[in-house]
Amino acid sequence: MVPMSPYRDPRAPGGRSNRPSRKQRASTKKAPTGTGETSDAHVSGGVRLQKVLAEAGLGSRRACEQLILDGRVEVDGNIVTELGTRIDPETQSVYVDTLRISTSTQKVYLALNKPAGVVSTMKDPEGRKNLADYVGNRAERIFHVGRLDTDTEGLILLTNDGELANRLAHPRYEIPKTYLAQVKGQLAKDASARLKAGIELDDGIVKVDEFRLVDSTPGRSVVELTLHSGRNRVVRRLLAAIGNPVERLVRTQFGPIALAEQRQGKIRPLRSDEIGELFEAVDL
């Protein structure tokens, strides 16, 4: 079998290409006055902002204090430079360097490397292995973001953040997904051009954003493709349409989240910067 690795780990952001970059948006923010005065973000009886940042994985308490003093932290759109500021992490929005940080202790954000044969549901009436078998006995109601075919492996996101899950799955935000596919046969010379121009399927035309040949041996090829479409079995149908049926399929990236070296069957919590990039991709 042709090897299906290595996985790449680019940090390319998801979301729409016409969105201004963080640097561009940061240049429009009002600079801190340097007075150290608190803003309207302060909530009496709340949690100290530096503690919230530290618990969100931004570094030690001291490092988070420096972030505040440097004017790099915003709460509800207000730059905060006072170390005594307290906030409600469950209701207020916190940004560091214009990237939103997940501060809610109630929210769960997970990445699973789904093996083949696992059903992309939280329960299965036929008793097959499903996503709930990897989540464990959590009190929260966990949603899966989109689906993977039972035979398809790779990255699937799970969360109890319903708004984020709905936006990530909505066509409006055009979240790119990248796949590695082992297919039958050799690729035609015009395969990439045809896929980028668009292939007519039963439910309409579908285009890929990126396509490349990774490896080739007699009778088999390994290709990588990126597309925004979330239609049912769309990658398998596209590759079959150009004469290269899929033998094995792995999703390696969902928006800004990459599978990288995460082992099959393993689940992990997303890092704070990964969560922030997901928020950014869907304008949260």
Relative contact order of the range 118-169, defined on C-alpha pairs under 8 angstrom at six or more residues apart (%): 32 percent
Pairwise centroid distance, computed over Cα atoms, of the range 243-284 with the range 105-173, Å: 12 Å
Highest average packing first - 174-186, 91-103, Cβ atoms within 10 Å: 174-186, 91-103
Rounded to whole Hz, the Karplus (6.51, -1.76, 1.60) HN-Hα couplings of the range 248-262, x for glycine and proline: 8, 9, 10, 8, 9, 7, 10, x, x, 9, 10, 5, 6, 9, 4
Calculated over the range 42-101: convex hull of Cα atoms, volume per residue (Å³): 69 Å³
Cβ-based charge dipole, the chain, positive-most Cα from Gly84, Ser120, Leu270: Ser120
Formal net charge of residues neighbouring Asp202 (Cβ-Cβ distance under 14 Å; K, R +1; D, E -1): +2
Farthest toward positive dipole pole in the chain [+1 Lys/Arg, -1 Asp/Glu at C-beta], among Thr103, Phe211, Ala260: Phe211
Antiparallel %, DSSP beta bridges [both residues in the range 60-217], to 5: 95 percent
Selected from Gly46, Ser229, Val73, residue furthest toward positive end of dipole (the chain; charges at beta carbon): Ser229
Percent RCO, i.e. relative contact order, over the chain, from Cα pairs under 8 Å lying at least 6 residues apart: 23 percent
FRET efficiency, Leu83 to Arg263 (Cβ-Cβ, R0 41 Å, nearest 0.05): 0.50
The range 107-192: antiparallel DSSP beta bridges as a percent of all, rounded to 5: 90 percent
Total charge dipole magnitude, the range 198-284, about the Cα centre, Cβ charges on Lys, Arg, Asp, Glu only, Debye to nearest 20: 500 debye
Over the chain, volume per residue of the alpha carbon convex hull, in Å³: 144 Å³
Alpha carbon Rg of the range 152-284, scaled by the compact-globule rule 2.2 N^0.38 Å: 1.11
Unit charges on C-beta of K, R, D, E only; dipole of the chain, Debye: 620 debye
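FYI, it's all coordinate maths here, none of it is from the lab. Remember, predicted model here, so these are calculated numbers, not experimental data. For neighbour counting, all protein chains shown are included, and Cβ atoms are generated from backbone atoms with ideal geometry for every residue, glycine included.
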